[in-house]
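The values are calculated or read from the model by the stated rules, or taken from the named source; none is laboratory data. Everything quoted here is computed from the prediction, not taken from an experiment. As a convention, Cβ positions derive from the backbone with ideal geometry for all residues, glycine included, and neighbour counts pool all protein chains shown. We work out accessible area using only protein heavy atoms, side chains counted, and drop any ligands, DNA or RNA first. Shrake-Rupley method; radii C 1.70, N 1.55, O 1.52, S 1.80 Å.
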Amino acid sequence: GIQVEQSPPDLILQEGANSTLRCNFSDSVNNLQWFHQNPWGQLINLFYIPSGTKQNGRLSATTVATERYSLLYISSSQTTDSGVYFCAVAAGNKLTFGGGTRVLVKP
Amino acid sequence: SQTIHQWPATLVQPVGSPLSLECTVEGTSNPNLYWYRQAAGRGLQLLFYSVGIGQISSEVPQNLSASRPQDRQFILSSKKLLLSDSGFYLCAWSVLTGVTGFSGNTIYFGEGSWLTVV
């Protein structure tokens, strides 16, 4: 099956800092999504981005499908950005998740 | 609009007891349904997915089973729980288009169920 690796596994940021999270995947995919899991366990869809670049407020994402990676950018981080960020990919019916990047934004 | 609900939200069960987690989706027809498990706050593992009533695909051998008795209902069960079954269980749905699966559609998760086996 498809392998998904995320880096870094943990990230500590000072409020206001910018950061980049990376997702590498092992095979061609037709779906790539970024999620944020809040401290209560809820998974929130951030981006559906199998290719190209999208922006939503302080978050943006870029996927280079030909090189099999995606990046999630967090700008001007806030304490509410804390949580775990997951990348997930699919080639068909099944969405495979990476191990996540745990982000802690300190005030 | 579409909504997904799963219950119970939290449960503590003794080893060897049965389990039933239920998930329902509203506002859509013939969704793909999924059960994921998350252990130790990391990585979601796909347990089962279903493309239609009575159609279940199992991803990993385990102590759990799934059933889909109705189009928008997905149930996760166990006859005898093990300590290792503890974790956070998430139900999810999506609608596929064409033969390429997820293309153009996203997956949506329920609120999750925290299971502690003692």
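For the segment A:22-35, counting C-beta atoms of other chains within 10 Å of every residue's C-beta and taking the mean gives 2.
Of the solvent-accessible surface of chain A, computed with a 1.4 Å probe and all protein chains present, 48% belongs to carbon and sulfur.
Counting only protein heavy atoms and rolling a 1.4 Å probe, how much accessible area do B and A lose on contact, total for both sides, in Å² to 100? Accessible area lost upon association: around 1900 Å².
Distance from the C-alpha centroid of segment B:28-76 to that of segment A:1-58: 23 Å, rounded to the whole angstrom. Taking packing as the residue-averaged number of other Cβ atoms within 10 angstrom, the listed peptides B:25-34, A:29-38, A:50-59, A:4-13 run from highest to lowest as A:29-38, B:25-34, A:4-13, A:50-59. FRET efficiency for the residue B:40 to residue A:93 pair, using the beta carbon distance and R₀ = 25 Å, is estimated at 0.40. Modelled spin labels at residue B:55 and residue B:111, positioned 7 Å past Cα toward Cβ, are 3.1 nm from each other.
Heavy atoms of the protein chains alone define the surface here; on that basis chain A has 46 Å² accessible area per residue at 1.4 Å probe size. Shielding of peptide A:89-100 by partners, expressed as the average count of other chain Cβ atoms within 10 Å per residue Cβ, is 6.
The mean number of partner chain beta-carbon atoms within 10 angstrom of a residue's beta-carbon across peptide B:86-93 is 1.
Taking 35 Å as R0, compute the FRET efficiency from the Cβ-Cβ separation of residue A:78 and residue A:51 and round it to 0.05. Working shown, then result.
On the way: r = 28 Å, r/R0 = 0.81.
Calculated transfer efficiency: 0.80.
Modelled label positions at residue B:79 and residue B:62, each set 7 Å beyond Cα in the direction of Cβ, lie 1.8 nm from each other.
Between the beta carbons of residue A:104 and residue B:9, assuming R0 = 22 Å, the FRET efficiency works out to 0.30 to the nearest 0.05.
Using a 10 Å cut-off on Cβ atoms, rank the peptides B:5-17, B:79-91 from the highest mean neighbour count down.
Ranking the peptides B:5-17, B:79-91 by packing returns B:79-91, B:5-17.
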